[in-house]
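What follows is one structure encoded as structure tokens, with my remarks underneath.
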């Protein structure tokens, strides 16, 4: 009898724990998940200014510009249909370059520039962001914008 | 010839797996004993042949046989030898063959070494292992043949991704795979024991060394992978909550839970159903991980060429194995449910809480990893990053560590709170000292790192408590193992806390001669010079770091350029320079040259980090692995056997 009670209590504790973890996870996901957007979606007005998000696209040909401080770069991220200017202060990762895929974490500034905190370029040179699957292979990104 | 031989060996090995499965099943259904006698040798032969096939694939890479598609796509004749060899598993097909080889070898090892299981359970286990490998043989042979020839051999290969040309690649994936796939043994044991209904202490004791073994490799693989990402990617981070890191963490968590619950089953014959369940979950998580990485569902640094057909194949395999094992579990649940009773405040009680927390963390990490996939299916593109994981896993991990403080100090079955309290003051004192020290002198420290370092202090002292008052030479190895591993958790946690609380960062465009201050160092940028490596050219920067006490060290970060091979674009990589000091590491990255207004490139981007105690993270990981290894030594009773043998020998010597 006692053992059965104990088992019940243990099961209840476990259940409460799991429920608590579920609530924790749901709230954390709501607060912390960042939307992944492509330039088309950004231009369509989907990205609110200041909201943490992730931008994926190709670096447009001829668009990388270095600023005078030697640390900040600007470039244009494109998905072939639309483009978004990106600003980033720091050393760009290995394998980052024009006409290659990149993903940036950051937020939109009121002037329409995406300010990146971190830029990821993919290890594999054959990599393209998955959302760009619709683009024709070997597409030439438009030069500048 | 070599490629054809390799392919033939794979087919024969697959046939042997088929034989083990059929013979084992027939025997278990009441067939003659001769059938059971077939299973062991067939499993061994399957392991040997698959290993031989893998060796042949390595030989093809070593000889740079460009008529083989895989070699042509992933290798180059001018690559250094070590990377030719490592390139064998730096691609989808090769890594799947490595996976399959470990799966087959595991079966062979069970067949050779496992003496404690009942014969029918052993046959069922080997048959389960054969069933697992059969599916992956099918996957390899039908959709990812590594030995495929090209109709026309190209003059040379396309080369290996420069980032993968690192000594880390030589060791990290094989280590991780041994751990990942080694969990298949626990899975097969569970399936075997469910089939024959032999679930109890004997089964748990037989399974334990295998779980420990694969968990050691998993720990080492994750630790090495973390260090590799740290110095090779040049981002200075040691954990990114990248999906691929997560899918290696998830089986590790399952393995950690399994290790602890199997101890309860082996010692007290309790938690039997739970242990079997975890054994199934462990390898299931390995398969989920492989599926996620290889199907291209999540793009990641580890996804090789993406192919939806392969993803579907893996999904079907996974559904069959996991679904089958769970169905079997449901059918047999009645036979395993009942175990020995215990009080909540007891060793078993603490291990149950440990298991609940570990599986909860596992579920939350898996949820975060899969959520973007589910969201994408519903039309939303979402990424889940470090803020989510830190928020959900951080607090739970800290509670887990506190349970770890109490658990080892509790007796089996039933213990009282007073006795526990009487053993804790030193640990509580250590925690309080760390907390006060940090609050008074630490400046502004985030809440999670602050708690992390405090808990680390408590755990460090408490983990040694099981040794108090013991004769250290007589202390059994598994106890030593537990102490070392738990102490390793404290070291790791302290490193994580200190690194995130006190990290310092500088980003400058520096001209030669310029001096940068960071932490205790003044770092002088002495200049750059071009250098040439075996298959790349590089700009090497020279930095002279001087401490406030006057000792100075030279650091040489590089920016490397690998020429594009076979018409591909050249790639650039950063090689960070690390200076390891007792108090932490100084991390330097050389970025691009900066053109000034008159067009001369005289400045260079330099990023510096001072990372206090960062190397404790990997030291802690290594200690956890060492602890598990000590425990394995004790459990496998190698020492006991060795001692017995020595005693017998000395007995012989003194015999009249």
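The values are calculated or read from the model by the stated rules, or taken from the named source; none is laboratory data. All values reported here derive from a predicted model rather than from experimental measurement. Every residue, glycine as well, gets a Cβ built from its backbone with ideal geometry; the counts of neighbours run over all protein chains shown.
Brief remarks follow.
- Of all the residues in the stretch B:195-212, those that are closer than 13 Å to residue B:122 by Cβ, part of a helix (DSSP H, G or I) and in contact with a helix residue (DSSP H, G or I) (Cβ under 6 Å, 6 or more places away or on another chain) number 5.
- With respect to being farther than 25 Å from residue B:388 by Cβ, more than 7 Å from chain B (Cβ to nearest Cβ), touching a residue at least 60 places away in the same chain (Cβ under 8 Å) and assigned to a loop (DSSP other than H, G, I, E, B), residue A:80 fits the description.
- Residue in the stretch B:427-448 that is modelled with pLDDT of 85 or more, over 24 Å from the mean Cα position of the chain (by Cα), assigned to a helix (DSSP H, G or I) and closer than 23 Å to residue A:21 by Cα present: yes
- Matching entry among B:527, B:497, B:533, B:541 (being within 14 Å of another protein chain (Cβ to nearest Cβ) and either more than 24 Å from residue A:73 (Cβ to Cβ) or in contact (Cβ under 8 Å) with a residue 12 or more places away in the chain (or both)): B:541
- Check on residue B:159, more than 20 Å from the chain's Cα centre (by Cα) and not in a helix (DSSP H, G or I): yes
- Only residues that are in a loop (DSSP other than H, G, I, E, B) and in contact (Cβ under 8 Å) with a residue 60 or more places away in the chain were counted across the stretch A:98-118, and they come to 2.
- Wholly enclosed helices (runs of 4 or more DSSP H) of the stretch B:1-105 bearing at least 3 residues modelled with pLDDT under 95, more than 25 Å from the chain's Cα centre (by Cα) and more than 27 Å from residue B:158 (Cβ to Cβ): B:2-28, B:33-62
- Some residue of the stretch A:53-61 being assigned to a helix (DSSP H, G or I) and within 9 Å of another protein chain (Cβ to nearest Cβ): no
- Residue in the stretch A:35-43 that is at the interface with chain B (Cβ under 10 Å from one of its Cβ atoms), part of a helix (DSSP H, G or I), within 30 Å of residue B:349 (Cα to Cα) and at pLDDT 85 or above present: no
- Check on residue B:105, farther than 22 Å from residue B:200 by Cα, surrounded by fewer than 23 Cβ atoms within 10 Å (Cβ to Cβ) and touching a helix residue (DSSP H, G or I) at 6+ places or on another chain (Cβ under 6 Å): yes
- Meets criteria (modelled with pLDDT of 90 or more and buried (at least 22 other Cβ atoms within 10 Å of the Cβ)) for residue B:111: yes
- Out of B:388, B:371, sole residue that is at pLDDT below 90, buried (at least 17 other Cβ atoms within 10 Å of the Cβ) and within 11 Å of chain A (Cβ to nearest Cβ): B:371
- Hits in the stretch B:346-399 - residues which are more than 16 Å from residue B:448 (Cβ to Cβ) and outside any helix (DSSP H, G or I): B:346, B:378, B:379, B:380, B:381, B:382, B:383, B:384
- Residue A:95 outside any loop (DSSP other than H, G, I, E, B), under 26 Å from residue B:562 (Cβ atoms), facing another protein chain (nearest Cβ under 10 Å) and at pLDDT below 85: no
- The conditions of being away from chain B (no Cβ under 12 Å) and surrounded by fewer than 20 Cβ atoms within 10 Å (Cβ to Cβ) are not met by residue A:68.
- Residue that is in a helix (DSSP H, G or I) and over 27 Å from the mean Cα position of the chain (by Cα), where the choices are B:498, B:465, B:490: B:465
- The test for being more than 22 Å from residue B:143 (Cα to Cα) and surrounded by fewer than 23 Cβ atoms within 10 Å (Cβ to Cβ) holds for residue B:81.
- Residue under evaluation residue B:578, criteria (1) at pLDDT below 95; (2) assigned to a helix (DSSP H, G or I), criterion not met: (2)
- Among the residues listed as B:168, B:179, B:225, B:192, the single one being without any contact (Cβ under 8 Å) to a residue 60 or more places away in the chain and either within 18 Å of the chain's Cα centre (by Cα) or not in a loop (DSSP other than H, G, I, E, B) (or both): B:225
- Only one of the numbered conditions (1) in contact (Cβ under 8 Å) with a residue 60 or more places away in the chain; (2) surrounded by fewer than 12 Cβ atoms within 10 Å (Cβ to Cβ); (3) within 30 Å of residue B:510 (Cβ to Cβ) is not met by residue A:49, and that is (3).
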